[in-house]
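One structure is given here, and the rest of the page talks about it.
The values are calculated or read from the model by the stated rules, or taken from the named source; none is laboratory data. In this text, all values refer to a predicted model and were calculated from it rather than measured experimentally. Neighbour counts run over all protein chains shown; Cβ positions are idealised from the backbone, glycine included.
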Amino acid sequence: MAEQISKQQEFVLRTIEERNIRFIRLWFSDVLGTLKSVAIAPAELENAFDEGIGFDGSAIEGFARITESDMLAKPDPATFSILPWRTEAPALLACSAISRCQMVHRHILIRAMFFVAP
């Protein structure tokens, strides 16, 4: 863990523990704006803030070729939300999807989210 975490990260980690959140969905979008997600356990979130969560970008439309498929989902603690209508109360965080070339697709997710919920 980095030596200093932001106050927003501290709030997210504390809230997840206090509310007994069982899993966190990390949302990102493909280049067409279709939402994708990766679910992680609360114990993985601190590392996700620091290093991101790896996934195969070649499996996502328009992200990467097979030879360049290693990507990271980096969660943004400012987008933390809890789904109150779900009985297991998962938490959500929007992410930047970053390739080795540091191509960031988060702006597509943000546009898609504002289109769905103006």
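Structure above, values below:
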| item | result |
| --- | --- |
| Considering residues of the range 1-18 that are modelled with pLDDT under 90 and farther than 16 Å from Lys74 by Cβ only, the residue surrounded by the fewest Cβ atoms within 10 Å (Cβ to Cβ) | Glu3 |
| Pairs, first more than 18 Å from Arg19 (Cα to Cα) in the range 74-85, second at pLDDT below 90 and of a type in the set (A, V, I, L, M), C-beta under 7 Å, six or more apart | Lys74/Ile98; Pro75/Leu93; Asp76/Leu93; Asp76/Ala94 |
| Residue that is surrounded by the most Cβ atoms within 10 Å (Cβ to Cβ), among those in the range 19-47 that are in a strand (DSSP E or B) and hydroxyl-bearing (Ser, Thr, Tyr) | Ser29 |
| Residue selected from the range 1-45 under the condition over 17 Å from Pro84 (Cα atoms) and among the acidic types (Asp, Glu), by the criterion farthest from the chain's Cα centre (by Cα) | Glu3 |
| Residue tally, condition within 16 Å of Ser96 (Cβ to Cβ) and of a type in the set (Val, Ile, Thr), over the range 13-33 | 2 |
